[in-house]
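J.: One structure coming up, written as structure tokens, with questions to follow.
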Amino acid sequence: MIEYSRLWKTMKARGVTQYDLYTHFNVNRAQINRLRHNQNVEVNTIDKLCNILHCRVEDIMEHIPDENCF
């Protein structure tokens, strides 16, 4: 499973709010909701967040091993 709890910590450290994401950076509110619930998001969204926050992928997401095998 991919978890986005690191995103919220990085946003707080950088002084960026969810409001900033959708008003100033045009991140779709539905995407923010998906991130909040650890649901699938597009790679473009991850790229955009890294550019906004000036961070690496590891600063916003983490892989948590689970039983979800194909």
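J.: Quick one: GLU42 ticks every box in (1) in contact with a Cys (Cβ under 9 Å, 6 or more places away or on another chain); (2) at pLDDT below 95 bar one, so which box is it?
T.: (1)
J.: Hey, another quick one. In segment 2-41, how many residues are open to solvent by 70 Å² or more (accessible area, probe 1.4 Å), under 16 Å from GLU58 (Cβ atoms) and in contact (Cβ under 8 Å) with a residue 24 or more places away in the chain?
T.: Residues flagged as open to solvent by 70 Å² or more (accessible area, probe 1.4 Å), under 16 Å from GLU58 (Cβ atoms) and in contact (Cβ under 8 Å) with a residue 24 or more places away in the chain within segment 2-41 amount to 2.
J.: So which residues in segment 48-70 are open to solvent by less than 100 Å² (accessible area, probe 1.4 Å) and in a strand (DSSP E or B), if there are any at all?
T.: GLU62, the sole residue that qualifies.
The values are calculated or read from the model by the stated rules, or taken from the named source; none is laboratory data. Remember, it's a predicted structure, so these values are computed and weren't measured experimentally. Glycine gets a Cβ as well: all are built from the backbone with ideal geometry, and neighbour counts include every protein chain shown. Just the protein is used for accessible areas: all its heavy atoms, side chains included, with ligands, DNA and RNA removed. Shrake-Rupley method; radii C 1.70, N 1.55, O 1.52, S 1.80 Å.
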